[in-house]
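Just so it is clear, none of the values below were taken in a lab; they were calculated from the coordinates. Note that the coordinates shown come from a computational prediction; the quantities given were computed from them, not determined experimentally. Please note: Cβ atoms are built from the backbone with ideal geometry, for glycine as well, and neighbour counts cover all protein chains shown.
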Amino acid sequence: MSSNAVIGSPVSRVDGPDKVHGRATYAAEFKPEGLAYAALVLSRIPSGRIKSIDVSLAMTVPGVVSVITHENAPRLPYKEMKKRPQVDPKAGGQLRVFQDDKVLWSGQPIACVVADSIEQAETAADLIRVTYSPDAQAQTKFDRALGLKPAPEAEADGRPGETQRGDAASAFDSSPVKVEGWYLQPREQHNPIELHATIAKWDGDHLTLWDKTQWVDNDRAEIAHVFDIPQDKIRVISPFVGGAFGSALRTWHHVHIAAMAAKMTGRAVRLELTRREQFTNTGSRPHTEQHVALGALEDGRLAALIQEAWGQTSTYEEYAETTLDPPRQTYSVANNATRYRLVHMNVNTPTSMRAPGVATGVFAQEIAMDELAVALGMDPVELRLKNYAETDEYKSKPWSSKELRACYAKAADDFGWSRRSPEPRSMQDNGQLVGWGMATAIYPSHRSPAQATVRLHRDGHVLLRTAASDMGPGTYTSMTQVAADTLDLPVEKVRFELGDTDFAMAPVHGGSITMASVGTAVMAACQALQKKVGELAAASSGGPFKGAASDTLLFQGGGLALKNGGGFTPYGEFLAQHGLEWLDAEGKSEPGAESETHTSSAFGAVFAEVRVDPDLGTVRVPRLVGAYDVGRVINPKIAHSQCIGGMVGGIGMALLEMVEWDDRYGRVMNANLAEYLVPVCADIVQLEASFVPSDDKIFNPLGVKGLAEIAISGVAPAIANAVFHATGKRVRDLPILPERLLL
Amino acid sequence: MPEDGRALEIELRVNGQSRRLGVEGSTTLLDALRDRLHLTGTKKGCDLGQCGACTVLLDGQRVVSCLTLAAQADGRDVITIEGIAPEGQLHPVQAAFIEHDAFQCGYCTPGQIMSAVALIQEGRATSDEEIREHMSGNLCRCGAYTNIVAAVRDAAAKMA
Ligand code: FES
Ligand code: FES
């Protein structure tokens, strides 16, 4: 079929020129006629009611078109969706914005000003005066004692309250070697550099949304339910997404506000959240506390693995994560117990953030494994190999592919692990404590139904379309490569468009599923096009292809030929011969029996070097080395970028990132990018990522497994383990702040 | 008062072109560029001077345009990402960013490129360490930093 081997080659991003010229258009940058600007007012108490809201002064600001509060907002239907999309919590209900006087968290939108300019809107928003009746029972402290079992809907969705294999408690008790500890993952914010923004415009009963979203199709479905209008009356457009990492999976209430404001004012309205507003309105990685207990035999074999997690959620929705999948699946252990509890608080609902749940569970598990290695006096890599899971013991299924051994070997070799001296504080350099640590990375691979259309044009180029998204991983480029490879065309002859509900259906751009889902649909569309060309050719009244059987045809070099040589006809000429301007085809793909028979997962091994200043407790990461099994790699250049991006995220998770929470008032104290620290250029020195040979054709015909999330999985514990090796001090609370090392 | 009812009328020389527009006293250069002149290549990531996405050159100096009032730029020269290369061409820094895959989502990219262009002009891109230090005002949440450093190093060498 394919012969030009575009798949696997380091093609530069096809959207690169648009991005470096500043021509790529993100949600806030569209400019429909008569555009008005919206600014929000946020609540200042964590729980209670709005007693009064005085907008009179705001209304006097020149240019103000409307001020919307719960007092004048239209009552919206907020119809329940028949089946909740996978991005929404399975229990509770979303915020029905401006529908009543209730305040559910500090930082909730309670009013919206629409004005001719953003300056006017912001000025007026500042002049709105609100009084509250606060609720004395506000739940602002994280208290494990309040932890509740997930709702049955969440349990049915793979977030069980308890799992049990063997008898973990007694196996732990009788284990000769044991470690046990408590681990803290603080609340984190995605903080994509692009702000969340929506432009809404009604034309009669038809709504257009230009939105920052990882899933245009679901955005449309959600808004259709909020307003109770048919989906075909809504179009969502989102060609570029300036990062999201999960924050744009759901259709948040600010999207409802934009659509409501546009409806009320009869204007196109842009609502761009401020950086501060994003901290309390677009979800976060939930604060999670975990307990891990590992029991082992003297030879290092795990006898018991117990992991428990308490995750934070809101009072109005139950966001549950797959935090405890890793401890059920990563290692071979006969006695395994997990327990998951949710602590409901007056916060906005948390959401998926890169490797949701998994990164959190892996962080605790992989530090505990390092502690066990120390307790056993065993090399950390050897301990992991000793407990290698040949099958998925949780689901009792074989892996569709697993090259984790090769990942350990490759990364250890690239890193120079054999030169490590195991004793903590034994490697010093220039007055700095040097530490080497490692961790396993794991992230499940899934796929969802997807569709794509393809149009072959007379000039020989093809246009592919699907309602997918590209928040940075390179969907535009990798899909172009899949099409070019399947059709044997140069990449310049392929145009790929996404991010529009007018295009063929695509699943959420999250959970690393895009390549396996949309990629296989693109491949299927291209194959369908070849089939059509073949049928047309065979039906010709004359010429070389007349009556040709499909298996005698060759699609190569931008045209059609006979396998036995001869008859080569460029596609353009072929269309002309058949009197066609273009030829359309479509393809779809969906998971098959393999999703029942196998477990699919990406794997990796991450090695970290740290340098710790013994006086100041500051930690630097001069290098990270990772090797990954992600199935087939469509574009090594872009895949490498994704991996180093995940590593940077992991360095942030390990050393910098946390929402500072004032648990007296239930407020975020550092809702900006100067106080919520993320890695900067000077924090990052050397990052090496490589891919071990892997091709998972059981999982899908492209052989890919997906690689966005795997890249952050395991990074923080590898760094934490290196910090222990450097200092002899075990830090189990993230981030590893200097004071946590010194005290 | 200018015709459109705004408080001030100013003149910006943007990418070599003179542009007259009405602004409020509080209008930032960033909002003037994005919302009024529809030059959306300059990005807003924080509006607080904390991310660098809005970096432009004002009279040849890099500034964060979200902390610069439009009125302060009255009569001055503004270069944005749209103006660093002639139509249809790539500036060496732009070319190096593509070559080294120095971005993912692309949202921080115009700001990164503007900083890099200024840095090279200032002669402050002579080592990786120097580049890392001086590019640290430009956050990249996609984490393209090592590729950004490689791109700036490469472009600086080509422009030398
Ligand atoms: S938008 Fe100006 S520095 Fe962030
Ligand atoms: S490329 Fe996405 S923030 Fe830098």
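Just a few scattered comments:
- Taking a ≥ b ≥ c as the square roots of the eigenvalues of the Cα gyration tensor, the stretch B:92-159 is prolate, since a/c reaches 1.5 or more and a/b is larger than b/c.
- Ordered by the count of other Cβ atoms within 10 Å of each Cβ, fewest first, A:546, A:83, A:201 give A:83, A:546, A:201.
- Only helical runs count toward this figure. For the protein assembly as shown, summing -39,500 (n - 2.57) over DSSP H runs of n ≥ 4 and dividing by all residues gives -7500 deg cm²/dmol at 222 nm.
- For the stretch B:8-83, the fraction of C-alpha pairs more than 16 angstrom apart is 38%.
- Mean separation of Cα contacts under 8 Å (6+ apart) over length of the stretch A:263-378, as relative contact order %: 29 percent
- Nearest-20 debye value, the protein assembly as shown charge dipole, Cβ charges on Lys, Arg, Asp, Glu: 640 debye
- When each of A:149/A:263; A:402/A:637; A:149/A:233; A:141/A:395 is checked by Cα-Cα distance, pairs over 32 Å: A:149/A:263; A:149/A:233; A:141/A:395
- Per-residue mean of C-beta atoms belonging to partner chains within 10 Å, peptide A:459-472: 1
- Those aspartates and glutamates that a straight Cα-Cα span of less than 12 Å connects to residue A:531, excepting residues fewer than 8 apart in one chain: A:551, A:584, A:586
- The calculated FRET efficiency for residue A:391 paired with residue A:173, based on their beta-carbon distance and R0 = 30 Å, is about 0.65.
- Modelled this way, with points 7 Å down the Cα-to-C-beta line, the labels at residue B:59 and residue A:83 are 6.3 nm from one another.
- Chain A, relative contact order in percent, only Cα pairs under 8 angstrom and at least six apart counted: 17 percent
- Debye, to nearest 20: dipole size of the stretch A:504-648, +1 on Lys, Arg Cβ, -1 on Asp, Glu Cβ: 320 debye
- Relative contact order of the stretch B:8-83, pairs being alpha-carbon contacts under 8 Å that are 6 or more residues apart, as %: 40 percent
- Part-to-part distance (alpha-carbon centres) for the stretch A:275-343 and the stretch A:380-413, which is given in Å: 20 Å
- Burial ordering of A:363, A:691, fewest other beta-carbon atoms within 10 Å first: A:691, A:363
- Prolate/oblate/rounded label for the protein assembly as shown (Cα gyration tensor, a/c 1.5): rounded
- Estimated FRET transfer efficiency (residue B:67, residue A:375; beta-carbon r; R0 56 Å; 0.05): 0.60
- The long axis of helix B:145-159 is offset from the longest Cα principal axis of chain B by roughly 90 degrees.
- Distance between the pseudo-spin-label points of residue A:531 and residue A:165 (7 Å out from Cα toward the beta carbon): 4.0 nm.
- Computed FRET value (nearest 0.05) for residue A:59 with residue B:19, which takes r as the C-beta separation and R₀ as 41 Å: 0.80
- Once the chain from residue A:675 to residue A:429 is taken as fully extended at 0.36 nm per residue, the excess over their C-alpha distance is 85.4 nm.
- Positive dipole terminus of the stretch B:92-159, leading residue within B:135, B:112, B:123 (C-beta point charges): B:112
- Dipole size of the stretch B:72-160 about its Cα centre, with +1 on Lys/Arg Cβ and -1 on Asp/Glu Cβ: approximately 120 debye, rounded to the nearest 20.
- Spin-label pair residue A:459/residue B:121, simplified geometry with 7 Å Cα→Cβ offset, distance in nm: 3.6 nm
- A full extension of the chain between residue A:662 and residue A:51 corresponds to an added length of 217.6 nm, given 0.36 nm per residue minus the alpha carbon distance.
- Extension gain, residue A:228 to residue A:146: 0.36 nm times the residue separation minus the Cα-Cα distance gives 25.9 nm.
- Listed from fewest to most Cβ neighbours within 10 Å, the set A:26, A:132 follows the order A:132, A:26.
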